[in-house]
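What follows is a short report on a single structure.
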Amino acid sequence: MNILLIGGGGREHAFAWKIVESPKCTRLFVAPGNPGTAKIATNLPLSVSDFDGIAEAVLQNDIDMVVVGPEEPLVKGIVDFFAISPELSKIPVIGPSKAGAQLEGSKDFSKQFMSRHAIPTAASQTFTQNEIDAGIDFIKRQKLPVVLKADGLAAGKGVLICQSYEEAEASLKEMLLEAKFGEASAKVVIEQFLEGIELSVFVATDGKNYTILPEAKDYKRIGEGDTGLNTGGMGAISPVPFADKKFLQKVEERVVVPTVKGLSEEGIPYIGFLFIGLMNVNGEPFVIEYNVRMGDPETEAVLPRIKSDFVELLQGMGSRQLDRYMLQVHELTASTVVLVAGGYPEAYEKGNTISGLEEMPIDGTALLFHAGTTANENGEIQTNGGRVLAITGLGTNLEAALSNAYAAVNKVCWKDLNYRKDIGQDILKLNQ
Ligand code: AMP
Ligand code: GLY
């Protein structure tokens, strides 16, 4: 098979690494890819939202399957674009339709979906500009803290956890009246705060059948001890020890089954990955959010644990025969540390030369995934984004995985390099 992968971050480097490992992959193209994917596949200089360019590349390169990494092209309807084109409609695209992508693209849509299908989530109500007074009234009737969420995509920044009614009221006004998050906050979901521990469950589905992939926990805040600003993710671990069989069974019965069934009953085509952000509230799962793609950096911890053929999984999804696929998982722990540019998630420098990459271990104890990097004219790798590299350590337990991850992290250097040194420490303490 010739496969085209859309995206260019750490998640896509991990996908690419797993795809080329399969004997079923003849050629892999990545649009736009990064210097990491360039080593194992052919990068195409196309933006993820350039549907015409992608269509041309698919026809030119005899592509048999398209795999979509990030949410942006999904929410913009890449799957529907392929489905209505006579030349492209037969080529499977792994990703949900535009309607399905609303599970991530609109928090209001996803809350209503959960309500229709009795999927456990925080109680909430949605308000628009005309309903500001009702929104303020609603806030005052909530327990503190109260959670405000911009309805649309806001690059992970659209959620505010307000500790006082004054703060919540002011934030609601900023979001609805002053477009704090642009169009994304034209509607605001106000919801109850859930107290518990978070984890993410990943599902591959063909719209009818599903396979639950290994779960992961990510570390969203920039600072150690979960402090400071939210980021796209500073690290991840998989498996998550507190997600025992009993808890995961509840997730399957109460969340995964009704979600897949609900999409199908509503006639929403969904062939793709579903990322379920969950809160474990005293052993009971509640959905915090859906994403319609794999997580980043969770993918860099989850995929190395998959033992069965990854292209077969993708084919099973594309041909709606996922029931024939048997997922096998390595009994290993994976821990991912994200190396970021100093200043991220606020302003940061680009163009700093990265040293030490050639010293990465090649004995399988650690894996290097590129995210925000670029190669200059001399072939030197330089920083080109906030999240620059993701390094995954593998081991028989969490201590070993972390020790392998940090041993590899310590080989790498650039001006202003920053990373969290406490990935996984909360879990180690929990287990003591
Ligand atoms: P989201 O973009 O919906 O994933 O929200 C970002 C982060 O805000 C989540 O990962 C949680 O840490 C936190 N969060 C969102 N909703 C709630 C909630 N209802 N209760 C507690 N924390 C929440
Ligand atoms: N790591 C969180 C996300 O991918 O949205």
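Being within 18 Å of the chain's Cα centre (by Cα) and either more than 30 Å from residue 431 (Cβ to Cβ) or more than 16 Å from ligand 2 (Cβ to nearest atom) (or both) is the filter here; which residues of region 262-285 pass it? So that I can check it myself, show each step before the final result.
The first filter runs over region 262-285 and keeps only residues within 18 Å of the chain's Cα centre (by Cα), leaving 270-279.
Across region 262-285, the qualifying residues are 270, 271, 272.
Could you pull out the residue among 351, 364, 395, 356 that is modelled with pLDDT under 95 and farther than 23 Å from residue 220 by Cβ?
None of the other options fit; the residue is 364.
Are any residues in region 218-248 within 15 Å of ligand 1 (Cβ to nearest atom) and β-branched (Val, Ile, Thr), and if so, which ones?
Result: 222, 227, 231, 240.
Looking at region 384-404, is at least one residue in a loop (DSSP other than H, G, I, E, B), among the hydrophobic types (A, V, I, L, M, F, W, C) and in contact (Cβ under 8 Å) with a residue 40 or more places away in the chain?
No: zero hits.
Would you confirm whether or not region 55-69 contains a residue that is touching a Gly at 6+ places or on another chain (Cβ under 7 Å) and surrounded by fewer than 18 Cβ atoms within 10 Å (Cβ to Cβ)?
Scanning region 55-69, I find no residue that is touching a Gly at 6+ places or on another chain (Cβ under 7 Å) and surrounded by fewer than 18 Cβ atoms within 10 Å (Cβ to Cβ), so the answer is no.
So the check is Cβ under 6 Å with 6+ separation or different chains; which pairs have a first residue in region 121-136 that's farther than 16 Å from residue 107 by Cβ and a second one that's away from ligand 1 (no atom under 16 Å from the Cβ)?
Listed by first residue and then by second, the contacts come to 129/176; 132/176; 136/169.
Which one of 259, 299 is in contact (Cβ under 8 Å) with a residue 60 or more places away in the chain, outside any loop (DSSP other than H, G, I, E, B), buried (at least 23 other Cβ atoms within 10 Å of the Cβ) and within 11 Å of ligand 2 (Cβ to nearest atom)?
On inspection, the qualifying residue turns out to be 299.
Going residue by residue through region 87-100, is there one that turns out to be farther than 22 Å from residue 311 by Cα, open to solvent by less than 50 Å² (accessible area, probe 1.4 Å) and at pLDDT 95 or above?
Among the residues of region 87-100, at least one is farther than 22 Å from residue 311 by Cα, open to solvent by less than 50 Å² (accessible area, probe 1.4 Å) and at pLDDT 95 or above, which makes the answer yes.
Across region 192-217, which residue is farthest from ligand 1 (Cβ to nearest atom) among those that are charged (D, E, K, R) and open to solvent by 10 Å² or more (accessible area, probe 1.4 Å)? Walk me through it before giving the result.
Going residue by residue through region 192-217, those that are charged (D, E, K, R) are 195, 198, 206, 208, 215, 217.
Narrowing the set further to residues that are open to solvent by 10 Å² or more (accessible area, probe 1.4 Å) leaves 195, 198, 208, 215, 217.
Details: 195: 7, 198: 6, 208: 27, 215: 15, 217: 11 Å.
Checking each candidate, the answer is 208.
Residue-wise test of (1) within 26 Å of residue 105 (Cβ to Cβ); (2) of a type in the set (Val, Ile, Thr); (3) not in a loop (DSSP other than H, G, I, E, B).
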{"site": "11", "(1), (2), (3)": "yes, no, yes"}
{"site": "18", "(1), (2), (3)": "no, no, yes"}
{"site": "23", "(1), (2), (3)": "no, no, no"}
{"site": "40", "(1), (2), (3)": "no, yes, no"}
{"site": "66", "(1), (2), (3)": "yes, yes, yes"}
{"site": "74", "(1), (2), (3)": "yes, no, yes"}
{"site": "79", "(1), (2), (3)": "yes, yes, yes"}
{"site": "82", "(1), (2), (3)": "yes, no, yes"}
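Given (1) in contact (Cβ under 8 Å) with a residue 12 or more places away in the chain; (2) in a loop (DSSP other than H, G, I, E, B); (3) within 24 Å of residue 238 (Cα to Cα), where does residue 350 come up short, assuming only one miss?
(3)
The values are calculated or read from the model by the stated rules, or taken from the named source; none is laboratory data. Small disclaimer: the values here were computed from a predicted structure and weren't measured. Counting neighbours? That spans all protein chains shown, and the Cβs are built from the backbone with ideal geometry, glycine included. With ligands, DNA and RNA removed, areas are computed over all heavy atoms of the protein, side chains included. Shrake-Rupley method; radii C 1.70, N 1.55, O 1.52, S 1.80 Å.
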